[in-house]
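Working notes, structure below.
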Amino acid sequence: MIETINFITNIIKDFKPQIGLILGSGLGSLADGLDGIRIPYCEIPGFANSTVQGHKGSLVFARVNGKKCMFMQGRYHFYEGHTLQKIIFPIRLMKKIGVKTIILTNAAGGINPDFKSGDLMLISDHINFMGTNPLIGMNDETIGPRFPDMSEIYNKKLREIALNTAKKLNIELKQGVYLAATGPSYETPAEVKMYRLFGADACGMSTVPEAIAAAHAGIKVLGISCITNLAAGIQTTPLSHEEVVYTADKIKNHFKNLILGIIENI
Ligand code: HPA
């Protein structure tokens, strides 16, 4: 970690990001036009390469609406074979370089019958259905407690800011519970029915490890899902990553306006 911090701070100098963002599948273009410093993951000690199409794999440091931000264009997933420790490494890095608030975004399948493809969903809470936890192993007490409280991972104040921003911008923002499984196979219709009974409104393959690590480290978390498709059994056509990236690309302007507006209001 020290090597990574030194590497990054040597490049960004006294740019101390306050807000960290992880841009999910097909959503990375948000940081494309920003004037800032770009560092490919492959050059960063301790970072693995992102292998998924629709994930660019670079860190972008830029000032947005007066706030110093650090964007991850693309994230690591458990299904790529990375350990959960590798997946949460960037969150721990963000903490060390001063990030106080994290905005996690993802592409997800809609389970709530009121949802349609292209909707944006504010994550109110999550269900960890990955069968593991990123905090398993020795606990570093300097980061957070052994048994961290998860009663309000997704910060209430930030959620209010997101809802108010969406209202002002006339962007419809749904709300719901995000369930994460490991993937990479999409769910079966039977699994989707079960997730609905569990209380899930959307499902995906990411975000939960990062949210747990951030909450553990005392970072405020906001989560936004892009409902890129309806979950298996709800939509009648087969699911594909092409559809996910296509829908994410279609709503990118809405998504960008919402996120930039939220940043302004934090
Ligand atoms: N299931 C799981 N992950 C996803 C989906 C889905 O339907 N859509 C986008 N990511």
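The values are calculated or read from the model by the stated rules, or taken from the named source; none is laboratory data. All figures in this text were calculated on a predicted structure; none of them were measured in a lab. Cβ atoms come from the backbone with ideal geometry, glycine included; neighbour counts cover every protein chain shown. For the accessible areas, the whole protein counts, side chains as well, though only heavy atoms, and no ligand, DNA or RNA atoms are used. Shrake-Rupley method; radii C 1.70, N 1.55, O 1.52, S 1.80 Å.
Of note:
- On the stretch given as segment 5-30, residues that are buried (at least 21 other Cβ atoms within 10 Å of the Cβ), at pLDDT 90 or above and in a helix (DSSP H, G or I) total 1.
- The one condition in (1) open to solvent by 40 Å² or more (accessible area, probe 1.4 Å); (2) not in a loop (DSSP other than H, G, I, E, B) that K56 fails to fulfil: (2)
- Exactly one residue out of C42, C69 is farther than 20 Å from L222 by Cα and either touching an Asp or Glu at 6+ places or on another chain (Cβ under 6 Å) or among the hydrophobic types (A, V, I, L, M, F, W, C) (or both), and it is C42.
- Qualifying residue in segment 161-170 (condition: under 17 Å from A108 (Cα atoms), open to solvent by less than 70 Å² (accessible area, probe 1.4 Å) and in contact (Cβ under 8 Å) with a residue 24 or more places away in the chain): no
- Boolean, E141 is touching a strand residue (DSSP E or B) at 6+ places or on another chain (Cβ under 9 Å), among the acidic types (D, E), in a loop (DSSP other than H, G, I, E, B) and away from the ligand (no atom under 16 Å from the Cβ): no
- Within segment 217-239, considering residues that are outside any loop (DSSP other than H, G, I, E, B), away from the ligand (no atom under 11 Å from the Cβ) and open to solvent by less than 60 Å² (accessible area, probe 1.4 Å), the one nearest to F89 (Cα to Cα): V221
- For G81, the conditions (1) away from the ligand (no atom under 14 Å from the Cβ); (2) modelled with pLDDT of 95 or more; (3) open to solvent by 10 Å² or more (accessible area, probe 1.4 Å) are fulfilled apart from (2).
- Condition check for L34: open to solvent by less than 10 Å² (accessible area, probe 1.4 Å) and either under 17 Å from the mean Cα position of the chain (by Cα) or more than 16 Å from the ligand (Cβ to nearest atom) (or both): no
- Residue satisfying condition, being of a type outside the set (A, V, I, L, M) and over 20 Å from the mean Cα position of the chain (by Cα), within set E210, E141: E141
- I2 among the β-branched types (V, I, T), in contact with a Pro (Cβ under 9 Å, 6 or more places away or on another chain), within 22 Å of T83 (Cα to Cα) and modelled with pLDDT of 85 or more: no
- Meets criteria (within 14 Å of the ligand (Cβ to nearest atom), open to solvent by less than 10 Å² (accessible area, probe 1.4 Å) and assigned to a helix (DSSP H, G or I)) for A248: yes
- Filtering segment 191-216 to residues that are part of a helix (DSSP H, G or I), within 14 Å of the ligand (Cβ to nearest atom) and in contact (Cβ under 8 Å) with a residue 24 or more places away in the chain leaves E191, V192, K193, Y195, R196, V208.
- The condition of being within 16 Å of the ligand (Cβ to nearest atom), surrounded by fewer than 23 Cβ atoms within 10 Å (Cβ to Cβ) and either touching a residue at least 60 places away in the same chain (Cβ under 8 Å) or among the acidic types (D, E) (or both) holds for only one of I103, I87, that being I87.
- Filtered by the rule that a residue be open to solvent by less than 20 Å² (accessible area, probe 1.4 Å) and of a type outside the set (A, V, I, L, M), segment 184-200 gives a lone residue, Y195.
- On the stretch given as segment 106-129, residues that are within 22 Å of Y79 (Cα to Cα), open to solvent by less than 40 Å² (accessible area, probe 1.4 Å) and either within 12 Å of the ligand (Cβ to nearest atom) or in contact with a Pro (Cβ under 6 Å, 6 or more places away or on another chain) (or both) total 6.
- Filter result for the condition that a residue is among the small types (G, A, S) and part of a strand (DSSP E or B), over G183, G176: G176
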